[in-house]
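Have a look at the structure below, then the notes.
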Amino acid sequence: MNSTSIENVANYLKYKGKYKGLLGWIFSTDHKRIGLLYLYSMATMFSVGVLLGLAMKLELLAPGKTIMDAQSYNATFTVHGVIMIFMVVVPGLPAVFGNFLLPIMIGAKDVAFPKLNLLSWWLYVAGVFLVLAALLFGPGTPDTGWTFYAPYSFKTGTNMLPAVFGAFVLGFSSILTGLNFLVTIHRLRCPGLKWSKLPLFVWTLYGTAWIQLLATPVVGITLVLIALERLFGVGIFDPAMGGDPILYQHLFWIYSHPAVYIMILPAMGAISEIIPTFSQKHIFGYKALIASTMAIAFVGYLVWGHHMFTAGMSGTAQYYFSLLTFIVAIPSAIKVFNWISTMYKGSINLQTPFYWAASFIFVFLIGGLSGLVLGALAANIYVHDTAFVVAHFHYIVFGGTGFAFFAAIHYWFPKIFGRMYDKAWANTGWIVFFIGFLTLYSPMFYLGMMGMPRRYYDYLQEFHGGNILSTIGSWVLVTGFIIIIVNLVRSARIGPKAEMNPWNGKTLEWTVPSPPPLENFDEIPELGENDGPYNY
Amino acid sequence: MYSSEITQASNFVKGVDTVFLITLGVSFFFLIALTVVMLIFIYKYNRKRNPKPTQIEGSTSLEIVWTVIPFLLTMLMFYYGWVGYKPMRKAPSDAMEVTVYGRMWNFSFEYENGKRTDTLYLPKDKAVKLNLVAMDVLHSLYIPAFRVKQDMVPGLENNFMWFEPQRVGEYELFCAEYCGLQHSYMYTSVKVMEDSAFQSWMVDTTQVVAENIDSPTATGRRIMQNIGCFACHTTDGSKLVGPSFKGIWGEEVTVTTGGKERQVTVDEEYIRRSIYDPNADVVDGFNKGLMLSYEGQLSEEDIENIIEYLKTLH
């Protein structure tokens, strides 16, 4: 490609526009800078969330009070959930890697609406500050859990409204990003890049964007209804005013279950890029992977009721929600089979991104298979709202999305920063993190099967052993996390210069310099008959 | 769930454990098989051993195989899940009924003869239907050993769970739906007895009903324990969600009434008002709205007994 001619153009990190320094970043409409703005803001919020999680695990080290009182614990798990869900995993991979890579992967200079893209980040930051304000000022930190279930969320004296409003603003950030990506994928693909040649990461961004666009407004409406009820006493959810608390749960999960797929689909997309590259082999079952992405995006709308099997729905509703929950598991299984088959007869290059991707498959399998237990009605009744569920969704959301995020950052790091990280430290960080993760969350499956309910500040003596192990796991995990972060931050500044295509990838981002120039391509690329994202 | 001690504690254990074990078995099989295959591929096709990859784009027959087999297996799990669950939603018409009241943060159980307890006493081998009433926010009644759980939803009528205890013993009963500050202390136990023992316990009203106990003080204490006062109020001076009862009788306290602060003396009138209309006077340093009225649940006579007990707490 035209790499020699564009090397003279300043890369996006060094480029100087109308503003300098920090202003040059926070007012930049360049998709790559916006991607990094998201990366830094999310990394900050993720670290806060990790510290809160660490505090929760420390509190549960022993029965009774360990480091905080019950009110603080309840506030801690609420804030941990709100931060991790709304500020980290929902924007997740699309906000960082989607922004950075989507235009490059489809051969475009930027997203369709660069200013709208910057607005999305500003809305994200505004939402974050609104929620943080709710935590720090006013009558008290919200203590309702991230689900804000009625009617408790109407009774608590803590600072609910600003938190709810913050979540509402964050929702808009997500909707606008989704809209932007949809238009970009439809309109800005370079000549020759047919739908049947789109990289799978782009396909998952496409499926995700539809969910963001169609499901997020529902939570927006729900949050407005909460505000109406709290401010004006309109009885919608609170039975004391003639409302229905189960209606709240329906509305909440109509968004929040598809949101799980907002989190996991792009993660699956990143894995679908990494495995072929490090196997140096065409992805196995390209069309099956696309079909499964779209099937997950569609059926994912119809399974929200499985969060409410004990809530008092009709038997018919229980029947269909359970059935559809099992159906939605199948496309995920198909993906796993195809990923593993991609490794077959490959030439596997064991690098840090591959380790993360392979361990992703392992933890995602555990998360997904434990989801089958929860999808089966009778078994769900037994372990619903116990530590089993906490283990399950941490395996999916943290094990799935989190591991894929770490895989992606180690994969695209040389492209993003133009420097390579220390591979030995990166591998050390991965193995420590992986062991910590398994030690932290696996005992929770056992605790749930023994009957320990979730969101428990204190517990009976019989649950002590599992909790000790889990707390120790949290220390190991955080050690791994620190190793990873120190290595990456240090390497972004002083690591050795990276080549244009260090892993021999075939997608378009590997045809531009590392780091890419401001508008990515000197000339818009054109794909020939035999070019394709996985043609090795 | 593997403790042999609690197997077959209720009629639902078998159905739940069957689907649990089938699902776990299938899950472990796939987890181990896929992980092993993946590790073999990673070893065998490492680029040191296999420097040249063989390009394979896919296989329609394999895609069909690994769509159809998981589909059949999941339908099997779905079926057993439904079979285990279905009987839970239909209580036998001759079941013994107990009304369960859930409130922040305790359960109380009311029997057909009006007897009230804070522990659930049940006869063995007899179907029991628990009518679930939530007084304030969502709670969830969870008895792990019986494999049953049902949310308690304020305002929801005809909300119930049923089961048949099949083993004598004492089992844990938790609140499984987060309900605020003392959620993790909202637990009690289920005591399953032989039917004969249960019947004599049931008719023995001396244990709870006021007039049959000589001392009003003891009666008051018993009533408060059963209705759950001590979840939020201590008798030793320490502060929980509500003020402690220690030394409260005859004290001057600062309360907020309709937005204005005033001093009141704790007397019979004040105590009655605090129980029937708890948010009328809110004691300085505590929050409004956490306690609900006990009108209809506690009679005037109950309150007189409670007052006698409170007088003794110095």
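Read-outs: derived from the displayed coordinates by stated rules, not from any lab. From a predicted model like this one, the values you see are computed outputs, not experimental measurements. Please note: Cβ atoms are built from the backbone with ideal geometry, for glycine as well, and neighbour counts cover all protein chains shown.
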Review point. What per residue convex hull volume, in Å³, comes out for segment A:1-131 when only alpha-carbon positions are used?
Key: 135
Review point. Computed FRET efficiency, Cβ-Cβ of B:Lys288 and B:Ala95, R0 60 Å: what is it to the nearest 0.05?
Key: 0.90
Check your understanding: Which value, to two decimals, describes the C-alpha radius of gyration of chain B once divided by 2.2 N^0.38 Å?
Key -> 1.41
Point to revise | Inter-site label distance for B:Thr60 and A:Leu116 at 7 Å from Cα along Cβ, in nm | key: 3.9
Practice item. Give the residues of segment A:429-453 whose amide nitrogen is closer than 19 Å to a point set 7 Å from the Cα of B:Thr35 in the direction of its Cβ. Key: A:430-449
Exercise for review: Could you list which residues have their amide H under 5 Å from that of B:Asn46, counting only those 5 or more apart in sequence or on another chain, with H placed in the peptide plane?
Suggested key: A:Ile348
**Study point:** Radius of gyration and maximum dimension Dmax of segment B:214-311, Cα, Å
**Key:** 12.8, 42
Point to revise | Percent of beta bridges antiparallel (DSSP, chain B, rounded to nearest 5) | key: 75
Point to revise | Cα-derived Rg over Rh, computed across chain A with Rh taken as Kirkwood radius | key: 0.96
**Study point:** Mean Kyte hydropathy of 0.0 or more with a Cα span along the axis of at least 24 Å, helices from DSSP in chain B
**Key:** B:13-44, B:60-85
Check your understanding: Which number do you get for Rg(Cα) / (2.2 N^0.38 Å) in segment A:395-512?
Key -> 1.37
Check your understanding: Who wins for biggest fluctuation among B:Leu141, B:Leu130, B:Leu292 in a Gaussian network model of chain B, springs between alpha carbons below 10 Å?
Key -> B:Leu292
**Study point:** Most positive-pole-ward Cα, B:Gly220, A:Tyr459, B:Ser293, against dipole of the protein assembly as shown from beta carbon charges
**Key:** A:Tyr459
Exercise for review: Using label points projected 7 Å from each Cα along Cα→Cβ, tell me how many nm separate A:Lys18 and B:Glu295, to one decimal.
Suggested key: 6.5
**Study point:** Tail fraction, Cα-Cα pairs, segment B:4-89, threshold 17 Å, whole percent
**Key:** 67
Review point. Equivalent-ellipsoid semi-axes (√(5λ), Cα gyration tensor) for segment B:105-235, whole Å, largest first?
Key: 23, 21, 13
**Study point:** Of the DSSP H helices in chain A, those whose Cα atoms cover at least 24 Å axially and whose Kyte score averages 0.0 or more
**Key:** A:31-59, A:114-136, A:160-187, A:200-232, A:245-279, A:315-343, A:352-375, A:423-449, A:464-494
Study note, to complete from the structure: For B:Glu97, the residues 5 or more places away or on another chain with a placed amide H closer than 5 Å to its own amide H are B:Lys129
Practice item. Decide, for segment A:331-372, between rounded, prolate and oblate: order the square roots of the alpha carbon gyration tensor eigenvalues as a ≥ b ≥ c, take rounded if a/c falls under 1.5, and otherwise choose prolate if a/b is larger than b/c, else oblate. Key: oblate
Practice item. Give the percent of DSSP beta bridges with both residues in the protein assembly as shown that are antiparallel, rounded to the nearest 5. Key: 75
Exercise for review: Rounded, prolate or oblate: pick one for segment B:115-161, where a ≥ b ≥ c are the square roots of the eigenvalues of its C-alpha gyration tensor, a/c under 1.5 means rounded, and failing that, prolate if a/b is larger than b/c, else oblate.
Suggested key: prolate
Review point. Looking only at B:Gly169, B:Gly285, B:Gly296, which one moves most when chain B is put into a Gaussian network model with springs between Cα atoms under 10 Å?
Key: B:Gly296
Study note, to complete from the structure: Output field shielding_mean for B:129-140 (other chain Cβ, 10 Å radius) holds 3
Check your understanding: Given a Förster distance of 35 angstrom, what is the FRET efficiency for A:Lys65 paired with A:Ile482, based on the Cβ-Cβ distance and rounded to 0.05?
Key -> 0.80
Review point. For segment B:70-171, which GluC sites (Glu not before Pro) are in a loop by DSSP, counting at most 14 other Cβ atoms within 10 Å?
Key: B:Glu112, B:Glu157
Study note, to complete from the structure: Neighbour-count ranking for A:Asp238, B:Asp281, B:Asp94 (other C-beta within 10 angstrom, fewest to most) reads B:Asp94, B:Asp281, A:Asp238
